[in-house]
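Undergrad: This is the structure I want to talk about, given as structure tokens.
The values are calculated or read from the model by the stated rules, or taken from the named source; none is laboratory data. Just so we're clear, the structure is a prediction, and the values are computed from it rather than from any experiment. When we count neighbours, we look across all protein chains shown, and the Cβ atoms used for this are built from the backbone with ideal geometry, even at glycine. Side chains included, ligands, DNA and RNA excluded: accessible areas come from the protein's heavy atoms. Shrake-Rupley method; radii C 1.70, N 1.55, O 1.52, S 1.80 Å.
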Amino acid sequence: MGNIGFEHAQRPRISHCGSFGLGVHDDFHGLGVASRLIETVIDLADNWLQIKRLQLEVNCDNEAAIACYKKFGFEIEGKAILSCFRDGKYSDTYYMARVKP
């Protein structure tokens, strides 16, 4: 159905940061799979690893994913122009993050 990859930075100056990427099979879009995966990684980051900053990259045209991330408090921090190549063309990428106060 879906998977998530999570990385906790180990260098001392950025050990408060984590990043993740996820994917959900087309047959399971809209069923809450991504939300459950994000909830799990946020619980891990907030309650077990003392992570203050959780970050990710998402293709700018992936409106459903962007809306899902925003639902969990992620904000767009920047944009990388022509950073991804897929289906025969280049596309842009957003950098998003959730910073826990």
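Undergrad: Taking 8 Å as the Cα distance limit and 6 or more residues as the minimum spacing, I'd like the relative contact order of segment 6-58 as a percentage. List each step's numbers first, then the result.
TA: Values: 48 pairs, mean separation 22.6, N = 53.
The value is 43 percent.
Undergrad: Most fluctuating residue of 28, 72, 85 in a GNM of the chain with Cα springs under 10 Å: which is it?
TA: 85
Undergrad: I've got another one for you. Work through the residues other than residue 21 whose Cβ is under 10 Å from its Cβ and net out their charges, Lys, Arg +1 and Asp, Glu -1. Don't skip to the answer; put the middle values down first.
TA: Details: positive: none; negative: 7, 57.
Every neighbour counted, the sum reads -2.
Undergrad: Follow-up question, since we're still on this one. Sequence gap at least 6, Cα distance under 8 Å: using those rules, report the relative contact order of the chain to the nearest whole percent. Please report the intermediate quantities before stating the final value.
TA: Values: 156 pairs, mean separation 23.9, N = 101.
The value is 24 percent.
Undergrad: Next question. Only bridges with both residues in the chain count here: give the DSSP antiparallel percent, nearest 5. All intermediate terms of the calculation are to be shown ahead of the outcome.
TA: On the way: 22 of 25 bridges.
Within the chain, antiparallel bridges account for around 90 percent of the total.
Undergrad: Per residue, what accessible area does the chain have, given a 1.4 Å probe and all protein chains present, in Å²?
TA: Values: 6840 Å² over 101 residues.
On a per-residue basis, the chain sits at 68 Å².
Undergrad: Just one of (i) 18.0, 50; (ii) 13.9, 42; (iii) 13.7, 47 is Rg and Dmax of the Cα atoms in Å as worked out from the coordinates here. Which one is it?
TA: (ii)
Undergrad: Further, regarding this structure: Along segment 81-87, what does the Karplus equation 6.51 cos²θ - 1.76 cosθ + 1.60 (θ = phi - 60°) give for ³J(HN,Hα), rounded to whole Hz, x for Gly and Pro?
TA: After applying 6.51 cos²θ - 1.76 cosθ + 1.60, I find 7, 6, 8, 9, 10, 7, 6 Hz.
Undergrad: Would you mind telling me which residue in 34, 65, 80 has the biggest mean-square fluctuation in a Gaussian network model of the chain, where springs connect alpha carbons within a distance under 10 angstrom?
TA: Maximum fluctuation in the GNM of the chain, among the listed residues, is at 80.
Undergrad: Right, here's the next one. Summarise the accessible area of segment 2-101 (1.4 Å probe, protein heavy atoms) by the percent that is carbon and sulfur.
TA: Values: 3400 of 6700 Å².
Carbon plus sulfur share of accessible area: 51 percent.
Undergrad: Another question, if that's okay. In whole angstrom, how far apart do the alpha carbon centroids of segment 1-40 and segment 78-97 sit?
TA: A separation of 18 Å, based on Cα centres.
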